[in-house]
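S.K.: First the structure, then my questions, so here it is.
The values are calculated or read from the model by the stated rules, or taken from the named source; none is laboratory data. Quick caveat: nothing in here was measured; it's all calculated off a predicted structure. Glycine gets a Cβ as well: all are built from the backbone with ideal geometry, and neighbour counts include every protein chain shown.
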């Protein structure tokens, strides 16, 4: 099964038109900063036939996804000849990276509130910064005669839709991941399928998922991280493309 990864520009509130990214190339030997923040708790979101059946449950299962994602991303970049630096070991934060760029006159500019973050990246010689964090994600869309309803998962984990006792389970890779280029200024964010149907998945107790059952979900999420990592070297030299990964 192929997964398409589409790169689009990040939508910024209040901006009707987004800038077109300039041409850029991060060359082998240049530095790429990586900021990863993934909490350990995963979530099972259950939507039943009526709202009275709905529930959301967190599971404190230790997958150490943060370390896994950093290793996967950094190794992919190193193999392509880039230098990497862990931005989480600096004074850079996810929020400041996420809000580093603003739009003015249809161009990207440094957000004055985050100028210190940009200066830190400059001092570290960071040509590109990659951020990777959990984020609320649409897990299921249900459409009726007149409208559609979006159901969300607040974090990575699993989404279950149950109607009249018939259940379907989906692994959710609820992540916010993107790339910032520091010179020239550019911004990309990934919008791609983050839901993965779990065929023939039948947990013994859907209200108390076992660690063995969670392993099936984990495998899908790890594959998502590895697919994302494998695309990064190519994206260091192009800003508009649709990539297909097996």
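S.K.: Could you please tell me which pairs satisfy a Cβ distance under 9 Å, a separation of 6+ or placement on different chains, a first residue in region 127-139 that is on the phi > 0 side of the Ramachandran plot and in contact (Cβ under 8 Å) with a residue 24 or more places away in the chain, and a second residue that is in a strand (DSSP E or B) and buried (at least 19 other Cβ atoms within 10 Å of the Cβ)?
M.R.: none
S.K.: Please enumerate the residues belonging to region 53-69 that are surrounded by 14 or more Cβ atoms within 10 Å (Cβ to Cβ), in a helix (DSSP H, G or I) and either on the phi > 0 side of the Ramachandran plot or in contact (Cβ under 8 Å) with a residue 40 or more places away in the chain (or both).
M.R.: Scanning region 53-69 gives 65, 68, 69.
S.K.: Same structure, new question: Please pick out the residue among 183, 177, 147 that is crowded, with 19+ Cβ neighbours inside 10 Å and either at negative phi or in contact (Cβ under 8 Å) with a residue 60 or more places away in the chain (or both).
M.R.: Within the list 183, 177, 147, the selection yields 177.
S.K.: Moving on to the next point. When you scan region 175-246 for strands (runs of 3 or more DSSP E) that lie fully inside it, which ones turn up with 3 or more residues that are at pLDDT 90 or above and within 17 Å of the chain's Cα centre (by Cα)?
M.R.: The strands (runs of 3 or more DSSP E) meeting that bar are 175-182.
S.K.: Taking residue 34, is it assigned to a loop (DSSP other than H, G, I, E, B), touching a residue at least 12 places away in the same chain (Cβ under 8 Å) and surrounded by 12 or more Cβ atoms within 10 Å (Cβ to Cβ)?
M.R.: no
S.K.: Taking region 86-110, which residues are closer than 25 Å to residue 173 by Cβ and surrounded by 14 or more Cβ atoms within 10 Å (Cβ to Cβ)?
M.R.: Of everything in region 86-110, those that are closer than 25 Å to residue 173 by Cβ and surrounded by 14 or more Cβ atoms within 10 Å (Cβ to Cβ) turn out to be 87, 88, 92, 93, 94, 96, 97, 98, 99, 100, 101.
S.K.: Next question. Run down 17, 50 and say which single residue is surrounded by fewer than 17 Cβ atoms within 10 Å (Cβ to Cβ), over 26 Å from residue 230 (Cβ atoms), at pLDDT below 95 and out of contact with any strand residue (DSSP E or B) (no Cβ under 9 Å at 6 or more places or on another chain).
M.R.: Sole residue among the options that is surrounded by fewer than 17 Cβ atoms within 10 Å (Cβ to Cβ), over 26 Å from residue 230 (Cβ atoms), at pLDDT below 95 and out of contact with any strand residue (DSSP E or B) (no Cβ under 9 Å at 6 or more places or on another chain): 50.
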